[in-house]
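Working notes, beginning with the structure itself.
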Amino acid sequence: MPGQRLARGVCRHLGSLGFAAVEEFVPRPGLRVDVMGLGPKGEIWVVECKSSRTDFLTDRKWHHYLEWADRFFWAVDTAFPQELLPADSGLILADAWGAEVVRMPEPAPLAGARRKALTLAFARHAASRLGSFRDPGLRALLPPDLRG
């Protein structure tokens, strides 16, 4: 899947910046971000991967992701029509092997209580996902919010 290849490259790049990253993170029911990164200073970035014009134009939820991030980015490949993307969002050019931040958005710092809750949810999600790789039967035992 093209979006998954972009997400892979984004996660690799975030890792090189000192971020821990998870794909398909659910900050609240009904929302699933493509990539969420937790930085070395506790900053939270959300990255939406768009593989085509149609993929972008049919996405009706992306603006709800803004309230869950200190910085919001689009990740696209070099063939994507970048003029479609909001100019105040971050921009990452990516492929399956890596990525580069080409436009850094202004920070929109999260409230302390939301940051704490989101960081805890991120940690629980990442640990549960790692545990599921070691023990595939674990997923069925987890509560719904940790099965992602």
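Of the residues 130, 93, 66, 120, the single one that is free of Cβ contacts under 8 Å to residues at least 24 places away in the same chain and within 17 Å of residue 32 (Cα to Cα) is 120. Condition check for residue 30 on (1) of a type in the set (Gly, Ala, Ser); (2) crowded, with 19+ Cβ neighbours inside 10 Å; (3) over 24 Å from residue 98 (Cβ atoms): one failure, at (2).
Residue by residue, here is whether (1) in contact with a Leu (Cβ under 8 Å, 6 or more places away or on another chain); (2) modelled with pLDDT of 95 or more; (3) closer than 20 Å to residue 30 by Cα; (4) in a loop (DSSP other than H, G, I, E, B) holds:
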{"residue": "51", "(1), (2), (3), (4)": "yes, no, no, yes"}
{"residue": "60", "(1), (2), (3), (4)": "no, no, yes, yes"}
{"residue": "66", "(1), (2), (3), (4)": "no, yes, yes, no"}
{"residue": "80", "(1), (2), (3), (4)": "no, yes, no, yes"}
{"residue": "102", "(1), (2), (3), (4)": "yes, yes, no, no"}
{"residue": "105", "(1), (2), (3), (4)": "no, yes, no, yes"}
{"residue": "114", "(1), (2), (3), (4)": "no, yes, yes, no"}
{"residue": "122", "(1), (2), (3), (4)": "yes, yes, yes, no"}
{"residue": "133", "(1), (2), (3), (4)": "no, no, no, no"}
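Residues checked against (1) buried (at least 22 other Cβ atoms within 10 Å of the Cβ); (2) among the aliphatic types (A, V, I, L, M); (3) over 12 Å from the mean Cα position of the chain (by Cα):
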| position | (1), (2), (3) |
| --- | --- |
| 18 | no, no, yes |
| 37 | yes, no, no |
| 61 | no, no, yes |
| 76 | yes, yes, yes |
| 80 | no, no, yes |
| 83 | no, no, yes |
| 88 | no, no, yes |
| 108 | no, yes, yes |
| 112 | no, no, yes |
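The values are calculated or read from the model by the stated rules, or taken from the named source; none is laboratory data. The shown structure was predicted, so the numbers you read here are calculated from the model rather than taken from an experiment. Cβ atoms come from the backbone with ideal geometry, glycine included; neighbour counts cover every protein chain shown.
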